[in-house]
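The values are calculated or read from the model by the stated rules, or taken from the named source; none is laboratory data. Since this is a predicted model, take the numbers as computed values, not measurements. Cβ atoms come from the backbone with ideal geometry, glycine included; neighbour counts cover every protein chain shown. For the accessible areas, the whole protein counts, side chains as well, though only heavy atoms, and no ligand, DNA or RNA atoms are used. Shrake-Rupley method; radii C 1.70, N 1.55, O 1.52, S 1.80 Å.
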Amino acid sequence: GNKFEGPLKPFVGKARFAKSTVFKGERFPNILVTTKGTLVATYGNKRFRVRRSEDGGKTWGKEMVIAQPGFQGGGGIVDENTGDLFVFVEEKHPPAKLTIFRSSDDGKTWKSVPVNIAKDSRGNELSMHMNDAGITLRHGKHAGRIIRPARDYAGKNESARWPKHYTSAIYSDDHGKTWKPSEPFPEMGTGEACIAELSDGTLYYNSRVHWPEVKTPTRRREAWSTDGGHTWKDWKIIGVLPDGRQDRAYGCMGGLTRLPVDGRDILVFSNLDTSNKTRERITVWGSFDGGKSWPIKRLVDAGPSAYSSMNSGRPGTPSEGWIYLHYEAKGQSTLARFNLTWLLAGESTGNGKVPNWVKK
């Protein structure tokens, strides 16, 4: 067991669902849950903005701007060893100058810290935008490591360079003082990813793809790591999980969280579930075998929606039992929170079955 993991019980029971507006204007969401159970929502492509909720997402404190200009680098991390939070802010759409901010007081104040990220094995300086939250590893020999997805833009986000784009990760074994890059994700034309650690220490990696020349470019990609996130192997196309609009091969950033349930591998993934020519219908999918199958999905918001970030409530805190989805809605960001029972009332995808132990 791990002190940050507990029983399934808080996530089930009577169905619960609520949502609220967090930020107005701008783009690019992330959501963190601190070791005390405080929600820290970040947002922005002109100003890097932060809001906190100490009551599990019912109410939000005032907005703080911690960088202006400030472009969301995504991949915010809670270091579960120390309780510190890290966020990544680029000056503009990357490649661009990066600043890393750390908070040692549960997200109330932030200070910039030195950026010390090694070049990867291809000699590239990785960009941070626009990935889901990072995690602290809890199991196996790399327990205590902090890791987040990253990417390489090959100098610019333009279609001519998409074949050279790839998704990746950075990790730290010294609480964010220095960062090492992982090996690249095995498929090119990828970017904007999420990572979850399973109960045996295996890492599950789920990525967007935006290069139309690849096979089945409107579906998500996955790979696995058994060495703490240094290499990614066994990549494949996830036929059941859509990657943004289905009328074009460009993908959409999605969110992913593993519920902190001891000995179980319940994952929840978010993306758009639409065939229309607009980004809309943010939806969540559930897996009960660590991403091998995704038997259930439920629509969260039928309206305009786009990028999303996910996280889970922590045992013994005000966030306990909640699943959190911070997503772009029309002209604003929305925080939806719900429990597993609410998701289980969704529709079958035909991809595997919900096991009986979930329903008990």
Looking at the stretch 287-334, which of its residues are among the hydroxyl-bearing types (S, T, Y), under 25 Å from P7 (Cβ atoms) and not in a loop (DSSP other than H, G, I, E, B)? S287, S312, Y324
Those residues of the stretch 63-117 which are without any contact (Cβ under 8 Å) to a residue 12 or more places away in the chain and closer than 24 Å to S312 by Cβ amount to D105
Looking for whichever is modelled with pLDDT of 95 or more, open to solvent by 10 Å² or more (accessible area, probe 1.4 Å) and of a type in the set (D, E, K, R) here; the options are R148, R161. Which one fits? R161
Filtering the stretch 35-57 down to residues that are touching a residue at least 40 places away in the same chain (Cβ under 8 Å) and surrounded by fewer than 23 Cβ atoms within 10 Å (Cβ to Cβ), which residue is nearest to S172 (Cα to Cα)? T35
Do we have V22 as farther than 29 Å from G144 by Cα, open to solvent by less than 40 Å² (accessible area, probe 1.4 Å) and of a type in the set (A, V, I, L, M) here? yes
Every residue from the stretch 284-311 that is among the hydroxyl-bearing types (S, T, Y) and surrounded by 22 or more Cβ atoms within 10 Å (Cβ to Cβ): S287, S305, Y307, S308, S309
Only one residue in T218, T226 is touching a residue at least 24 places away in the same chain (Cβ under 8 Å), among the β-branched types (V, I, T) and more than 26 Å from N45 (Cα to Cα). Which one? T226
Taking the conditions exactly as written (modelled with pLDDT of 95 or more and farther than 16 Å from S207 by Cα), does F269 satisfy them or not? no
Candidate set from the stretch 176-227 (those that are of a type in the set (K, R) and not in a strand (DSSP E or B)); member that is least open to solvent (accessible area, probe 1.4 Å): K177
Exception for G239 within (1) open to solvent by 40 Å² or more (accessible area, probe 1.4 Å); (2) more than 30 Å from E158 (Cα to Cα); (3) not in a loop (DSSP other than H, G, I, E, B) falls at (2)
Identify the residue in the stretch 242-256 that is open to solvent by 10 Å² or more (accessible area, probe 1.4 Å) and in contact with a Ser or Thr (Cβ under 7 Å, 6 or more places away or on another chain) and, among all such residues, is nearest to I282 (Cα to Cα). R245
Residue in the stretch 68-109 that is nearest to S127 (Cα to Cα), counting only those that are buried (at least 22 other Cβ atoms within 10 Å of the Cβ) and of a type in the set (A, V, I, L, M): V89
